[in-house]
Amino acid sequence: MSDKKTIKIFDTTLRDGEQSPGATMNIHEKINIAKQLVKLNVDIIEAGFPISSPGDFEAVNKIAQTIKGPVICGLARCRNEDIESAAKALEPAEKKRIHLFLATSAIHREFKLKKAESEILKLAVESVAYAKQFVSDIEFSPEDASRTELPFLAEIVREVIAAGAKTVNIPDTVGYSIPYEFGNIIKYLFEHVPNINDAVISVHCHNDLGLGVANSLAAVYNGAQQVECTINGLGERAGNASLEEIVMALKTRKDFFKADTNINIKEIYKTSKLVSNITGIQVQPNKAIVGANAFAHESGIHQDGVLKERSTYEIMNPEDIGWGKSELVLGKHSGRHAFVDRLKYLGYELTNEELEKAFHNFKKICDTKKKVYDEDIESIVENEVFNNPEVYELKELKIDYICSPLEEAKEDLQAIVTLRNLKENKDEKGKAYGDGPIDSIYKAIEKIVKVKATLISYNIRSVTKGLDAQGEVSVKIEVDGKQYLGRGASTDILEASANAFIQAINSFVKKNAR
């Protein structure tokens, strides 16, 4: 290995990533992701497989027209019609690459292609030469390379480089290899291919055994200069090596790999969220780098360490990848240090006696809930420490759909809300029109409590399964320049929405009453 090298990142989210079941994207969505990949500063964007469908051809062509900066790549089999289609789709690109692939393993030669080694070699060389007529940047992949006999693999790598391939990619197509073995494949090629330094050696690892990232890193350690990967590890079957994991492994362990990338890591989290939202494939909570729990700590020992010195339990700074700050998740494993830190964050300064009472009640709640929210802590302090109980609770909610003339159609939905004023022990009713049921409900509540709140965010999720699923609504409101949170849960989403808003209003009223 050289003392320092920069690994090229070849992103194939728009091609191999889209092959994840259910991850199909339209052209507009692909262009949005491609634009974000430019911000991420990937070196190559594999935009699609042009001959596979008219839609894929158009997507590659539109990306070639629109995207500036990275190399735009189109996939092609070793067939003239594939190569011509890719070349045509890529015509508008500022920088373009045709990526050829042809299976080389014994199992593929015998059962899929029914061709001898000599036929495979001849077809590969001819296809590289043919593609060179259209673009100068050719990449060649011997499909199923990790199960190909090493002498034949070395021969085909040598010959395609001689024919003009500038990049040769070594794929672990079915995720069969293990890190020690795959690293040795790359090492073998560097030792047995005389002209190997005339091309960039790339790797493309699948995750069928959960080793996609490990195999890619083993390849980098043994000399690979490009890694093919996807955002969130999307791809066929169990997916591809994850871009964010490879990038952060190289950055975090520069001491070991003596390598880095050109990736703008500040854009990692934003890119992950965009891809999740567009594909509908959510990241698992314990996913490295971008999972919801990646920088979350519940253990009291861990929380205490992080509060004293972040690096005790975090090898990366979440702010570096656009995550925001670490999250100290409060639950039954949390300690006093984290609890006090959260109280300060929420604006509470308690005496030692008040803190003891609050911490005791917090631990009692922890035995009944997996996660304790800020609202739970506020309730403990307000209701049990400061003896400042809830002010309002929902008693009745009704939506009236009123027939009205067409010109007054905006005022055909009215919310009628009854709140119980617990301090004054009386019911108060409010009515309001709005653009929809939620808007109407919130306006009616504002009339009752005589508070004008700005809705900053409104989120809804299902917390149970089935047709009778319970929905949880969380809201953030702003009153007089300060923000307040509220949550509500119910099988009736309008009721959950009302309760969330009321909880946020209660937080405002109680804090301003003290």
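Does the stretch 64-135 come out rounded, prolate or oblate by the C-alpha gyration tensor, with a ≥ b ≥ c the root eigenvalues, rounded set by a/c under 1.5 and, if not, prolate when a/b is larger than b/c and oblate if not?
prolate
Near residue 66: Cβ cut-off under 11 Å, other residues only, Lys/Arg at +1 and Asp/Glu at -1. The net charge is +3.
In this structure, the residue pairs whose Cα-Cα separation is over 31 Å, taken from 270/431; 364/511; 251/273; 8/308; 270/450; 5/35, are 270/431; 8/308; 270/450. Take the residue pairs 357/482; 423/510; 96/166; 95/115; 344/476 and return only those whose Cα atoms are more than 23 Å apart. 357/482; 95/115, as the Cα separations exceed 23 Å there. For the stretch 221-274, a simple Cβ point-charge model (Lys and Arg +1, Asp and Glu -1, everything else neutral) yields a dipole of about 180 debye relative to the Cα centre.
Could you give the semi-axes, largest first, of the ellipsoid that matches the chain, computed as the square roots of 5 times the alpha carbon gyration tensor eigenvalues and rounded to whole Å? Rounded to whole Å, the semi-axes are 56, 29, 17. Distant-in-sequence amide contacts of residue 169, defined by a placed amide H-H separation under 5 Å and a gap of 5 or more residues or a different chain, comprise 140, 141, 202. Its Cα gyration tensor gives the stretch 6-279 an equivalent ellipsoid; the semi-axes, largest first and in whole Å, are 26, 23, 17.
Read the figures in this text as sums done on the coordinates, not as results from a lab. Just so it is clear, the model here is predicted, and its values are computed rather than measured. Here the Cβ is made from the backbone with ideal geometry for all residues, glycine too, and neighbour counts use every protein chain on show.
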